[in-house]
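Just so you know, all these numbers are worked out from the coordinates, no wet-lab data involved. As the structure is a computational prediction, the values presented were derived from the model and not from experiment. Quick reminder, even Gly has a Cβ in these numbers, built from the backbone with ideal geometry, and neighbours come from all protein chains shown.
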Ligand SMILES: [Zn+2]
């Protein structure tokens, strides 16, 4: 697959994700409506909508009201472009298409949870259906994947249920279902462990630098998503490496 084309498609995907985040949060039904500046409401032209390039050319400001545009926009575009590019380099075309879908859905959930502390149910539902479709197509180990998904779901659902939502948000269990289905066993466990390690390190760092306290709400979805991707890409290698250490 042409890697430049994939990169450009990823940039465009990231741009669409940015627009969708805001529209979903504001409850706008018109997903395909023309984009507008979120500050002044001016409709954006073609030259305002080129991923990354428009942001740089305009010095990170709206062409019409000169208010600052969040760095989230070019960052999400670039991450989507580079992510798809990397996947295309490492996987055959059919597997790439499946993973590209999962990647863009996880980028969407990542940003949404980070910004609004909410896991968007629609995106998780879409991801679950997409993961199931891929499992069927690639003749994946269906039973193991379903069991992994059930395990992840209960792992998050129990504390949520017992604490009535105080320790854990309800969205994490649904996200766990989607990721568990996609990763299967034992990657699901590796992803979960990595999410906890990363979450703890970043949480402590934020407290240390006085950017957060123990009572601050921290979204867990982004950590789960990073953990899942690290497990998917390098989980097998990490397991072999770990076994070698144990056997030494
Ligand atoms: Zn504006």
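Quick notes on this structure:
- Calculated FRET value between residue 53 and residue 197, using beta carbons and R₀ = 41 Å, to 0.05: 0.65
- Taking every C-alpha pair closer than 8 Å and separated by at least 6 residues, the mean separation divided by the residue count of the chain gives a relative contact order of 16 percent.
- Distance between modelled label sites at residue 138 and residue 158, nm, 7 Å Cα→Cβ extension: 2.9 nm
- Estimated FRET transfer efficiency (residue 116, residue 166; beta-carbon r; R0 25 Å; 0.05): 0.85
- Shape category assigned to the chain from the gyration tensor of Cα positions, a/c cut at 1.5: prolate
- The range 120-248: relative contact order in percent, alpha carbon pairs under 8 Å with at least 6 residues between: 24 percent
- Only alpha carbons enter this Debye calculation for the range 65-169, each as an equal point scatterer, and the log10 of I(q)/I(0) it gives at q = 0.13, 0.19 Å⁻¹ is -0.66, -1.12.
- Spatially, the range 80-124 and the range 144-201 are offset by 18 Å when compared through their Cα centroids.
- Calculated over the range 176-248, the projected area of the Cα convex hull averaged across directions stands at 5.9 nm².
- Per-residue Cβ neighbour rank within 10 angstrom, fewest leading, 62, 40: 40, 62
- By other beta-carbon atoms within 10 Å, ranking 37, 65 with the fewest at the front produces 65, 37.
- Peptides ranked, highest mean first, by Cβ atoms within 10 Å: ranges 9-20, 209-220: 9-20, 209-220
- When Rg and the Kirkwood Rh are both derived from Cα coordinates, the Rg/Rh ratio for the range 1-90 amounts to 1.00.
- Normalised by the number of residues in the range 68-166, the mean separation of alpha-carbon contacts (under 8 Å, six or more apart) gives a relative contact order of 17 percent.
- Diffusion of the range 120-248 by Stokes-Einstein, at 20 °C in a medium of 1.002 mPa s and with Rh set to the Kirkwood radius over alpha-carbon pairs, works out to 137 µm²/s.
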